[in-house]
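Asks: Below is one structure. I have some questions about it.
Readers should treat all values here as calculations from the given coordinates under stated rules, not as data from a laboratory. Computed from a predicted structure; not experimentally measured. Every residue, glycine among them, receives a Cβ derived from its backbone with ideal geometry; neighbour counts consider all protein chains shown.
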Amino acid sequence: MARPEKTAAVAEIVESFNDAAGAVLTEYRGLTVKQLQDLRRSLGENANYAVVKNTLAKIAATEVGIEGFDDLLKGPTAIAFINGDVVEAAKGLRDFAKANPALVIKGGVLDGKSLDASEIAKLADLESREVLLGKLAGGMLATLSQAVYLLNAPLAQVARLAGALEAKATEDPSILAGGAGVPAAAEETPAAEEAAEVTPAAEEAAEETPAADEAAESTEA
């Protein structure tokens, strides 16, 4: 490969690494052209599956700061540059490898960190972004329903209190003026009744008044 072509090929791989959310290195020895086409089709928009030369891939990995690829870049190598859901791409590669054992997943890189084959397998076992979003949405709806219930409960209590107050005000309008209602008429106590009665001594004093008046007239005379 001429130097300009080599430089362009390395630049293309570097760009793929920089634009991708992650990458999975595979060995495709034994896969037919049709099987490779089926693999690309199964990955869809989640990944771009490209056959690369190991020497060029090593140079590109070094340029983007990826370490630990030297041992993986052996034998016929193809890299799945993940552009979409990382978990979905890992699942697609895993499922295809199960159906086509000639595809061997050797490792990969995610967020600049090198991953071995077992870590890629664990990544594939995770729930997809859509499933996680669905669970998150379900949790948010449940939380929202609880919040609505907590908000409506006090409002219902206030409504019942307002209804009771309205009924009470209809019976006694003075409540609305800040009063406590019209007080019941006070009953006269026994002591008040006794005070109102004239005692026998008072009656005698009243009867003696004419005698006192006669005594006063005799003295003047």
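Asks: Among the residues of the range 32-46, is any part of a strand (DSSP E or B), out of contact with any His (no Cβ under 7 Å at 6 or more places or on another chain) and either surrounded by fewer than 18 Cβ atoms within 10 Å (Cβ to Cβ) or on the phi < 0 side of the Ramachandran plot (or both)?
Replies: No, the range 32-46 contains no residue that is part of a strand (DSSP E or B), out of contact with any His (no Cβ under 7 Å at 6 or more places or on another chain) and either surrounded by fewer than 18 Cβ atoms within 10 Å (Cβ to Cβ) or on the phi < 0 side of the Ramachandran plot (or both).
Asks: Which of the residues belonging to the range 90-112 are hydrophobic (A, V, I, L, M, F, W, C) and part of a helix (DSSP H, G or I)? Before you say what the answer is, go through the steps one by one.
Replies: Let us first name the residues in the range 90-112 that are hydrophobic (A, V, I, L, M, F, W, C), namely 90, 93, 96-97, 99, 102-105, 109-110.
Result: ALA90, LEU93, PHE96, ALA97, ALA99.
Asks: Quick check on my filter: what residues within the range 86-125 are of a type in the set (D, E, K, R) and over 15 Å from ARG40 (Cα atoms)?
Replies: Selection gives LYS98, LYS106, ASP111, LYS113, ASP116, GLU119, LYS122, ASP125.
Residue-wise test of (1) buried (at least 21 other Cβ atoms within 10 Å of the Cβ); (2) in a loop (DSSP other than H, G, I, E, B).
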site: ASN48; (1), (2): no, no
site: VAL51; (1), (2): no, no
site: THR55; (1), (2): no, no
site: ILE59; (1), (2): no, no
site: ASP71; (1), (2): no, yes
site: LYS74; (1), (2): no, yes
site: ILE79; (1), (2): yes, no
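Asks: Something else now. Identify, please: which residue in the range 16-31 is among the charged types (D, E, K, R) and either more than 15 Å from VAL86 (Cβ to Cβ) or touching a Phe, Trp or Tyr at 6+ places or on another chain (Cβ under 6 Å) (or both) and is, among those, surrounded by the fewest Cβ atoms within 10 Å (Cβ to Cβ)?
Replies: ARG29
Asks: May I pose another question? Which one of LYS98, LYS122, LYS91 is surrounded by 13 or more Cβ atoms within 10 Å (Cβ to Cβ) and not small (Gly, Ala, Ser)?
Replies: Only one candidate qualifies: LYS91.
Asks: Find the residue count for the range 66-98, including only residues that are more than 40 Å from the chain's Cα centre (by Cα) and closer than 23 Å to VAL33 by Cβ.
Replies: Looking only at that region, the number is 6.
Asks: Which condition breaks for ASP111 when tested against (1) among the acidic types (Asp, Glu); (2) under 33 Å from the mean Cα position of the chain (by Cα); (3) within 18 Å of VAL52 (Cβ to Cβ)?
Replies: The number of the failed condition is (3).
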